[in-house]
Every structure is written in C-alpha cells, then in structure tokens.
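Quick notes on the structure that follows.
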C-alpha cells in the first residue's frame with residue numbers, strides 16, 4: 001500500500017511536549033505529469049488528477065496506484081477538473097497556458113476547452129471551445145457547478161468568468177475591472193447556495209463575491225490579509241471556505257464569515273512542518289480535505305530534474321485563537 005505517513009521530527013512544547021503528528025500522503029508514480037487539479041470520486045473510491053505537462057487525466061486509487069484514465073496530447077495541459085453532481089461525468093479544462101510538453105504557436109495562450117468524460121468508459125462525451133468568447137490570451141483554470149447544472153469557468157488570462165448551460169451553451173458571465181491584473185488573475189471558484197460565486201485572484205491575493213442574479217455586482221470580500229498565490233477553493237460550509245496558497249507560501253487556510261461573505265476572518269491554517277510542495281487544489285474525502293501537490297516550483301527551475309512521483313496530501317488544520 002502506497003499511502004505514506006511521513007513523520008516530521010521535532011516537538012512543540014505548549015505546557016508539555018507534544019510530538020508533531022505525521023502528515024498523511026497518497027504518493028503515486030506519474031513521471032513528468034505535474035498534476036494540478038484533483039477530484040475525489042466517492043462512487044468509485046478514487047481520485048482523478050490532471051496534468052499540466054502532458055494533458056492526461058489520471059486515476060489514483062487510495063492505495064496510490066496511478067493509471068491513465070483519459071489520454072490525448074491535443075489537450076496540451078489539463079488543469080481544473082470536477083465531477084458533475086450526477087456522479088457520471090468528469091469535466092476538465094484543457095489549454096496551453098504555460099507548461100505543456102506539446103505546446104505549439106497555434107495553441108499557446110490561445111486554447112481553452114471544456115471537455116466531459118464518461119466516468120464508466122473513460123470516453124470523451126463533449127468538447128467545447130471557449131476561445132471565441134473573448135479575444136486575446138486564455139487560461140482555463142477552474143470551474144464550479146450551481147444547483148441548476150450550469151458550469152462557471154475562470155479564465156485567468158482573460159480575467160473573466162464564463163457560464164456554460166446544461167445543454168452546452170457558453171457565454172461571458174462576468175468580466176469586471178476588479179478582476180484585471182498582470183499575469184494569472186482569477187483562479188479558484190466555488191458556488192455558494194446563497195446565490196453567488198466566490199472566486200480568488202492569484203496575483204492580487206483578493207477574494208471576490210459575484211452575484212448570480214446580477215453578475216455586474218462584484219464585491220471584494222474584506223479580509224485581514226491578502227492571499228498572494230491563491231489557487232483552489234473549497235466551500236466547507238455556508239460560512240467556511242478553504243483556500244490553497246502556493247508560490248512560496250505553500251499553506252492551506254480556512255476562512256469564516258459572519259456577514260454572508262461581505263468579509264471573512266482567518267480561522268485555521270496548516271503548519272509549515274506539513275511541507276506542502278506547491279499545493280494547487282483541494283477535494284473532499286468524506287469529511288477530510290486533501291490537497292494536490294503540483295510541484296510547479298520545479299517547472300520554474302531549469303536545473304530541476306523532472307519528478308516521477310507526486311502526492312495527494314491530507315490537510316490538518318490548526319485553529320487560530322479567536
């Protein structure tokens with residue numbers, strides 16, 4: 001069994017010495033894949049992971065066995081992926097934003113596709129080109145579903161949120177001056193049953209609340225700090241949000257709100273000793289939060305030897321004093 005329990009040596013003394021608990025990881029071999037997205041499938045009891053380098057979608061068992069679930073080099077890179085609420089389809093964002101082994105001038109920063117895959121057969125069901133919605137550069141990064149089955153997609157280079165209806169009709173849902181920044185902008189996104197989206201901006205570290213009934217109504221969520229390097233989001237409860245932060249910070253934070261996300265306060269965080277390696281996205285396994293370690297720091301280092309193994313890691317949160 002390849003589930004690794006890594007013990008970090010050292011102690012914390014708080015009225016007595018307490019050994020730091022081990023960090024649980026599911027390690028798997030997928031050479032040069034650099035998975036960014038992760039989604040747990042409760043029906044089949046496995047994880048699906050994307051690949052920024054190869055474009056493949058992989059399946060990872062709880063024992064750490066990796067296999068290619070869907071492979072096609074024309075996908076270039078795959079990033080955010082989510083299982084449809086019906087439990088039968090996997091939706092994946094494919095493009096050529098930065099790290100693809102198969103990059104080409106025709107697709108680099110131009111391609112943004114939303115594909116769906118049958119979870120039983122692994123066959124592609126739909127393939128939707130979103131590049132014509134807005135001119136310019138594109139980077140399809142993450143997505144979420146609302147209760148009607150609409151899909152909302154972040155485009156990190158076009159600084160926009162797209163909407164795709166259940167019958168596959170795409171449109172520009174929200175594009176606001178607040179979203180605009182140099183480099184990677186909008187990234188993680190979640191649907192809130194109160195009738196709005198929450199989305200983060202990697203470069204500015206800001207969180208936004210977007211009204212579903214009036215997408216022109218975009219509000220900054222007031223926080224005590226900015227989350228520079230903010231990536232994947234998880235809505236744990238109507239008043240609790242998890243945000244994955246990388247780019248040197250490499251920690252996972254939980255935020256709570258008392259005013260329906262007009263503002264939020266930091267309530268818990270992982271420890272530096274957990275040693276996440278460029279964490280990117282999060283998924284739920286039962287009541288636990290598991291994080292995909294993307295290791296993108298290696299892709300930014302020309303001297304780095306490409307990794308053969310990667311890890312989905314459990315996030316253990318330490319509550320902060322109130």
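The values are calculated or read from the model by the stated rules, or taken from the named source; none is laboratory data. Because the structure is predicted, anything quoted here is derived from the model rather than measured. All Cβ positions, glycine included, derive from the backbone under ideal geometry; neighbour counts span all protein chains shown.
Would you mind stating whether residue 167 is in contact with a strand residue (DSSP E or B) (Cβ under 9 Å, 6 or more places away or on another chain) and either modelled with pLDDT of 95 or more or more than 16 Å from residue 136 (Cβ to Cβ) (or both)? Spell out the reasoning first.
Values: in contact with a strand residue (DSSP E or B) (Cβ under 9 Å, 6 or more places away or on another chain): no; either modelled with pLDDT of 95 or more or more than 16 Å from residue 136 (Cβ to Cβ) (or both): yes.
No: the conditions fail for residue 167.
Assess whether residue 15 counts as being out of contact with any helix residue (DSSP H, G or I) (no Cβ under 7 Å at 6 or more places or on another chain), assigned to a loop (DSSP other than H, G, I, E, B), at pLDDT below 95 and loosely packed, with under 14 Cβ neighbours inside 10 Å.
Numbers: out of contact with any helix residue (DSSP H, G or I) (no Cβ under 7 Å at 6 or more places or on another chain): yes; assigned to a loop (DSSP other than H, G, I, E, B): yes; at pLDDT below 95: yes; loosely packed, with under 14 Cβ neighbours inside 10 Å: yes.
Judged against the criteria, residue 15 is a match.
Residue check, residue 94 against (1) closer than 19 Å to residue 33 by Cβ; (2) part of a loop (DSSP other than H, G, I, E, B), all met but one. Which one?
(2)
When the residues of the range 22-61 are narrowed to those that are over 22 Å from residue 288 (Cβ atoms) and in a strand (DSSP E or B), which ends up nearest to the chain's Cα centre (by Cα)?
Applying the filter and picking the extreme gives 57.
Of the residues that sit in the range 277-307 and are in a loop (DSSP other than H, G, I, E, B) and in contact with a strand residue (DSSP E or B) (Cβ under 6 Å, 6 or more places away or on another chain), which one is surrounded by the most Cβ atoms within 10 Å (Cβ to Cβ)? It would help to see each step written out before you state the result.
Narrowing the range 277-307 to residues in a loop (DSSP other than H, G, I, E, B): 277-278, 286-287, 294-295, 300-307.
Next cut, in contact with a strand residue (DSSP E or B) (Cβ under 6 Å, 6 or more places away or on another chain) only: 277, 294.
Numbers: 277: 18, 294: 31.
Among those residues, the one meeting the criterion is 294.
Kindly check whether there is at least one residue in the range 162-169 that is in a strand (DSSP E or B) and under 17 Å from residue 261 (Cβ atoms).
Filtering the range 162-169 for residues in a strand (DSSP E or B) gives 162-164.
Now narrow it down to the ones that are under 17 Å from residue 261 (Cβ atoms): none.
No, every residue in the range 162-169 fails to be in a strand (DSSP E or B) and under 17 Å from residue 261 (Cβ atoms).
Quick one: what pairs do we get from the range 30-59, first residue at positive phi and surrounded by fewer than 24 Cβ atoms within 10 Å (Cβ to Cβ), second outside any loop (DSSP other than H, G, I, E, B) and modelled with pLDDT of 95 or more, C-beta under 9 Å, 6+ apart or different chains?
Filtered contacts from the range 30-59: 45/61.
Would you please name the residue that is nearest to residue 213 (Cα to Cα), looking only at residues in the range 123-156 that are free of Cβ contacts under 8 Å to residues at least 40 places away in the same chain and assigned to a strand (DSSP E or B)?
This residue is 129.
List pairs: first residue in the range 194-212 and at positive phi, second residue crowded, with 20+ Cβ neighbours inside 10 Å and assigned to a strand (DSSP E or B) anywhere in the structure, Cβ distance under 9 angstrom, at least six positions apart or on different chains.
Between residues of the range 194-212 that are at positive phi and residues that are crowded, with 20+ Cβ neighbours inside 10 Å and assigned to a strand (DSSP E or B), the close pairs are 205/230; 205/245.
Can you pull out the residues in the range 110-122 that are free of Cβ contacts under 8 Å to residues at least 60 places away in the same chain and touching a strand residue (DSSP E or B) at 6+ places or on another chain (Cβ under 8 Å)? Working first, answer last.
First, the residues of the range 110-122 that are free of Cβ contacts under 8 Å to residues at least 60 places away in the same chain: 110-116, 118, 120-122.
Answer for the range 110-122, where residues must be free of Cβ contacts under 8 Å to residues at least 60 places away in the same chain and touching a strand residue (DSSP E or B) at 6+ places or on another chain (Cβ under 8 Å): 111, 112, 113, 114, 115, 116, 118, 122.
Given the options 64, 87, 71, name the one that is surrounded by fewer than 24 Cβ atoms within 10 Å (Cβ to Cβ), at pLDDT below 95 and over 16 Å from residue 187 (Cα atoms).
Numbers: 64 fails: at pLDDT below 95; 87 fails: at pLDDT below 95.
Exactly one residue qualifies, and that residue is 71.
Which ones in the range 264-276 are modelled with pLDDT of 95 or more and either under 16 Å from residue 60 (Cβ atoms) or surrounded by fewer than 17 Cβ atoms within 10 Å (Cβ to Cβ) (or both)?
Selection gives 265, 266.
Have a look at 122, 132, 80, 149 and point out the one that is out of contact with any helix residue (DSSP H, G or I) (no Cβ under 7 Å at 6 or more places or on another chain) and buried (at least 22 other Cβ atoms within 10 Å of the Cβ).
On the way: 122 fails: buried (at least 22 other Cβ atoms within 10 Å of the Cβ); 132 fails: buried (at least 22 other Cβ atoms within 10 Å of the Cβ); 149 fails: buried (at least 22 other Cβ atoms within 10 Å of the Cβ).
Within the list 122, 132, 80, 149, the selection yields 80.
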